[in-house]
């Protein structure tokens with residue numbers, strides 16, 4: 001599916017493309033974003049772990065926390081904040097669902 005822009009949000013796929021408890025890597029304005037589906041809600045964070053660049057979308061998801069597949073550094077998918085208190089965090093993005101399609105903000109929420 002080719003991404004389409006609506007205001008500052010970009011369509012990245014359909015709800016059925018990301019089943020509950022899974023993740024998907026998507027592109028938004030040349031950024032690689034990890035999209036997660038948890039308990040009927042969708043969350044988006046930068047896909048690149050700040051420690052050594054591991055792909056967060058390929059990490060193990062437990063509730064709202066994803067662990068980097070390379071060194072298990074963990075992040076809350078709702079906020080992008082690291083859960084270990086070490087100061088690591090990643091950008092997070094607003095997500096909207098409309099008519100069965102998922103849209104991600106082109107601008108991060110900030111850190």
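Below is a table of values for the structure above.
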item: Filter result for residue 27 (closer than 17 Å to residue 103 by Cβ and free of Cβ contacts under 8 Å to residues at least 40 places away in the same chain); result: yes
item: Enumerated strands (runs of 3 or more DSSP E) restricted to the chain, each holding at least 3 residues that are surrounded by 13 or more Cβ atoms within 10 Å (Cβ to Cβ); result: 9-14, 23-28, 31-38, 41-46, 65-67, 74-76, 92-98, 101-108
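Every residue, every condition in (1) under 16 Å from residue 8 (Cα atoms); (2) in contact (Cβ under 8 Å) with a residue 12 or more places away in the chain, yes or no:
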| site | (1), (2) |
| --- | --- |
| 31 | yes, yes |
| 36 | no, yes |
| 50 | no, yes |
| 62 | no, no |
| 81 | no, no |
| 108 | yes, yes |
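Bear in mind these aren't lab numbers, they're just calculated from the coordinates by the rules spelled out. Remember, it's a predicted structure, so these values are computed and weren't measured experimentally. Methodologically, a virtual Cβ is constructed for each residue, glycine included, from the backbone with ideal geometry; neighbour enumeration extends over all protein chains shown.
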